[in-house]
Amino acid sequence: MRVSARAHPNIALVKYWGKRDSERNLPAVGSISITLGDLWTDMHIDTDARADGLTVNGEQAESMMPRMSAALDQLFGTDRSRVSVTSESNFPVAAGLASSAAAFASLVVAATAASGKELSKDALANFAGSLSGSAARSLYDGFVELKNAGDRVAVRSIRDTESWPLSVVIAITASGPKPVGSGEAMEISRRTSPFYVRWVDEQGEDLARARDAIAARDFPALAETAEHNCLKMHSVMWSSRPPMVYWNAATLDCMHAVRRLRADGVNVFFTIDAGPQVKAVCSPEDVDRVRDALSKVEGVEDIMTSGLGSGAHLIE
Ligand code: DP6
């Protein structure tokens, strides 16, 4: 039997960095993200295969295998038949574009349906989050907030796509896989960065500001909060031992280009995850100007554009 689901990656405007319980993969902080509609991962589950296998864009994905097998054991039981999982994405994977969020969100939706179980969206989000924290957010549409709630997470959409249709221009400055995966990197930060405690302490303030800015569709306030939160997270990474610097020269030049545009009156701000790509969030009418400016930055290899989109769902 084959069951398929599609999920979109999401990009955090107020970031998740650090775990309060690494066994259960519970985040140390809440986060707010936007789900990207034009980038997608399709996940196909075939039951009764000869061996468990995971192919991502035609290649074996060894690093995701343990988390995927654990998820399948949870749904089908440990005496299950083997399951083959194949996924296709229309964007580069493992390069700081939240590919694991889209992969694990689509995996739980497809595999749960294939197992014949029916889980609520909240249960699916918690299941996805136990595999990859950011994946919990890809179950939901538009602007999404993840809150810590006791021994689980509570995720909800705080604004729909239509009522504030922002765009994201992504400058790809290097397409290879990242040197340290985010799960491992955030553990290093928790153990070693002198700024980590402060980062966790201040997150509530940043979340409140972003929540209010989104409710009021206040672009300048969201821009200020998102850039501050992003740079604070990278300061934690830089001050870890060993330091984790995901940026390259083009990453920094793109950030300057975005700030210059904003100084010229364009509604745009940047955010950067555990990778060198720069995501410029802007008003749809400013997409061409932002694309044009970022494509002129030396070292930018490719540019992608996306609007906001929907949560993970089954497909034919
Ligand atoms: C920088 O969700 O990939 O993108 O839970 O260990 O799988 P694990 O981590 P992951 O971390 C995402 C970190 C981030 C910020 C964010 O998306 O909020």
Just report the Cα centroid separation between region 1-72 and region 224-244, whole Å.
-> 24 Å
Listed residues M43, M64, V297: farthest to the positive end of the dipole of the chain (Cβ charges) | M64
D122, D201, reordered so the largest accessible area comes first (probe 1.4 Å) = D201, D122
What residue among S22, S182, S283 has the largest mean-square fluctuation in a Gaussian network model of the chain, using Cα springs under 10 Å?
-> S22
The size of the Cβ-based charge dipole (Lys, Arg +1; Asp, Glu -1) of the chain about the Cα centre, to the nearest 20 debye, is 680 debye
Per the helix-only calculation at 222 nm, which mean residue ellipticity applies to the chain, given -39500 (n - 2.57) for every DSSP H run of n ≥ 4 and division by its residues, nearest 500 deg cm²/dmol?
-> -12000 deg cm²/dmol
Treating the beta-carbon of each Lys and Arg as +1 and of each Asp and Glu as -1, no other charges, what is the dipole magnitude of region 102-203 about its Cα centre, to the nearest 20 debye?
-> 180 debye
Ignoring ligands, DNA and RNA, what accessible area per residue does region 171-306 give at 1.4 Å, in Å²?
-> 47 Å²
Dipole-positive endmost among T86, S138, T55 within the chain (Cβ charges, Cα centre) | S138
Please state, rounded to one decimal and in Å, the Kirkwood hydrodynamic radius that region 82-147 gives when every pair of distinct Cα atoms enters the mean of 1/r.
-> 12.5 Å
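Kindly identify region 114-181 as rounded, prolate or oblate by the Cα gyration tensor criterion: order the square roots of the eigenvalues as a ≥ b ≥ c, call it rounded if a/c is under 1.5, otherwise compare a/b with b/c, prolate if a/b is larger, else oblate.
oblate
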Which percent of Cα pairs goes in each bin when the distances of region 117-256 are cut into 10 angstrom slices starting at zero?
-> 10, 30, 41, 17, 1
Using the Kirkwood radius over Cα pairs of the chain, the Stokes-Einstein translational diffusion coefficient at 37 °C and 0.692 mPa s, in µm²/s and rounded to a whole number, is 168 µm²/s
For region 169-176, just list the computed ³J(HN,Hα) in residue order, Karplus coefficients 6.51, -1.76 and 1.60, θ = phi - 60°, integers in Hz, with x standing in for Gly and Pro.
-> 9, 10, 9, 8, 10, 5, 10, x
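Let me make sure I get this right: for region 199-293, a, b and c are the square roots of the gyration tensor eigenvalues over alpha carbons, sorted descending. Under 1.5 in a/c it's rounded, otherwise prolate if a/b > b/c, else oblate. Which is it?
Numbers: a/c = 2.73, a/b = 1.16, b/c = 2.35.
Note, shape of region 199-293 comes out oblate.
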What does the accessible area per residue of region 20-104 come to in Å², with a 1.4 Å probe and no ligands, DNA or RNA counted?
-> 42 Å²
Tell me, what % of the accessible area of the chain is carbon and sulfur with a 1.4 angstrom probe?
-> 49 percent
Which of rounded, prolate, oblate describes region 35-142, given a ≥ b ≥ c as roots of the alpha-carbon gyration tensor eigenvalues and a/c under 1.5 marking rounded, otherwise prolate only if a/b is larger than b/c?
-> oblate
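Which value, in debye to the nearest 20, describes the size of the charge dipole of region 162-271 about its Cα centre when Lys and Arg Cβ atoms bear +1, Asp and Glu Cβ atoms bear -1, and nothing else is charged?
300 debye
The values are calculated or read from the model by the stated rules, or taken from the named source; none is laboratory data. Small disclaimer: the values here were computed from a predicted structure and weren't measured. All Cβ positions, even for glycine, are placed from backbone atoms using ideal geometry, and neighbour counts span all protein chains on display. In case anyone asks, the SASA skips ligands and DNA or RNA and just uses the protein heavy atoms, side chains included. Shrake-Rupley method; radii C 1.70, N 1.55, O 1.52, S 1.80 Å.
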